[in-house]
Amino acid sequence: MADQGRNKTSAIRDDVIAKEMSGELRANRSTRMEEERELQPPGEDQPETDRAPGTTLVGGTPPGITPEGVELRSELGRNLGRAVYPADRNAVLKTLHRNNAPDRVVELAQRLPDGEYGNLQAIADALGLGGEERRT
């Protein structure tokens with residue numbers, strides 16, 4: 001029998017565990033009723049985690065774009081997929097309708113000027129959502 005590595009669970013069990021945890025991961029808060037089962041925050045005497053010396057760990061919003069812009073770009077990308085590109089305004093709207101995109105995403109895409117878009121960044125630029133600033 002082939003060696004399965006150090007993982008003591010099967011692929012099927014991994015899927016079951018992932019399904020059990022998905023609600024808690026998506027909720028971004030505790031989903032446990034019994035307080036003693038909740039994860040405990042770090043103690044007051046424990047230092048903050050730093051990514052690099054002299055810098056504090058912060059959220060995932062890159063410079064040059066707002067948190068709302070990140071969320072909208074993410075929703076656009078999730079509902080458009082990769083197969084739509086290159087696409088014009090009508091193809092973008094048709095794909096969003098076909099994928100049952102949220103109304104706010106469809107309304108945002110309706111503001112797109114006519115033209116051809118090669119990727120999500122081009123759409124975001126046309127909508128004024130901002131873009132990441134490259135670090136040098």
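Here, each number is a calculation from the coordinates, and none is a lab measurement. Computed from a predicted model, the values in this text were never measured in an experiment.
Annotation: amide H-H contacts under 5 Å for Asp88 (H modelled 1.01 Å from N, sequence separation of 5 or more, or interchain): Tyr117.
Our estimate of slack between Arg111 and Ala18, defined as 0.36 nm per intervening residue step minus the Cα-Cα distance, is 29.7 nm.
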